[in-house]
Amino acid sequence: MPLLFDTCAAMWVVEGEPMKAAALGSIDESWRRSEFIFVSPITGWEIGLLAMKGRFRSRYSPQRWLEVLLEQPQIRIAELPAHVLLQSCFLPGAPPREPSDRIVAATAREYGFTVVTRDRELLDYGREGHLSVLEC
């Protein structure tokens, strides 16, 4: 199943932060198989919000950070058509409250991605059986 990084996972990859062994193993396996790893377009928006609030912590500017992420040869931006945005409003069960997390969940469900995350609400949603998740 292809991987979808949430914003925190994407930040850890760019910044070289440690991740759990299972997540690293799945990422390595994807790279070894020359499979793309996806990032939601909402990640760019979230990075911008963090920077606007003074909470973006990186050695890069937000614009350069996004460039560095997308320069990784196997990282691709996931499609985000209007119907996926609509689906994010009607997710089954008890989906995350944060709109960006709902969009990540809807994207993963639409395309069969496993979400790589440490976000507690996304992990709980996965435990409910509505989403494939991998804790990083």
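The values are calculated or read from the model by the stated rules, or taken from the named source; none is laboratory data. Worth saying up front: this structure is predicted, and the values here are computed from it rather than measured. Cβ: placed from backbone, ideal geometry, glycine included. Neighbour counts: every protein chain shown. These accessible areas exclude ligands, DNA and RNA; they are computed on the full protein's heavy atoms, side chains included. Shrake-Rupley method; radii C 1.70, N 1.55, O 1.52, S 1.80 Å.
Details
- Residue-span extension gain [Glu71 to Glu35] - 0.36 nm each, minus C-alpha spacing: 11.4 nm
- Alpha-carbon centroid distance for the pair the stretch 1-57 / the stretch 70-136, whole angstrom: 13
- The order of Cys136, Cys89 by accessible area, most exposed first and with a 1.4 Å probe, is Cys89, Cys136.
- When the solvent-accessible area of the stretch 34-108 is split by element, carbon and sulfur atoms take up 58 percent of it, the probe being 1.4 Å.
- Ala22/Cys89 FRET efficiency (R0 35 Å; Cβ-Cβ; nearest 0.05): 0.65
- What the chain shows is 53 Å² of accessible area per residue, with the surface traced by a 1.4 Å probe over protein heavy atoms.
- Applying both filters, DSSP loop and at most 15 other Cβ atoms within 10 Å, to the trypsin sites (Lys or Arg not before Pro) of the stretch 19-82 gives Lys20, Arg33, Lys53, Arg55, Arg57, Arg59.
- Candidates Ala106, Ala78, Ala94, ranked by Gaussian network fluctuation over the chain, Cα under 10 Å, top entry: Ala94
- Normalised by 2.2 N^0.38 Å, with N the number of residues, the alpha-carbon radius of gyration of the stretch 36-104 equals 1.24.
- Each stretch of four or more DSSP H residues adds -39500 (n - 2.57); spread over every residue of the chain, this sum gives -15000 deg cm²/dmol at 222 nm.
- Between Ser30, Ser40, Ser88, the residue with the greatest mean-square fluctuation in the GNM of the chain (Cα pairs under 10 Å linked by springs) is Ser30.
- Using only alpha-carbon positions in the chain, the gyration tensor eigenvalues give semi-axes of 21, 18, 14 Å once each is multiplied by 5 and square-rooted (largest first).
- Rounded to the nearest 20, the size of the Cβ-charge dipole of the chain about its Cα centre is 240 debye, with Lys and Arg at +1 and Asp and Glu at -1.
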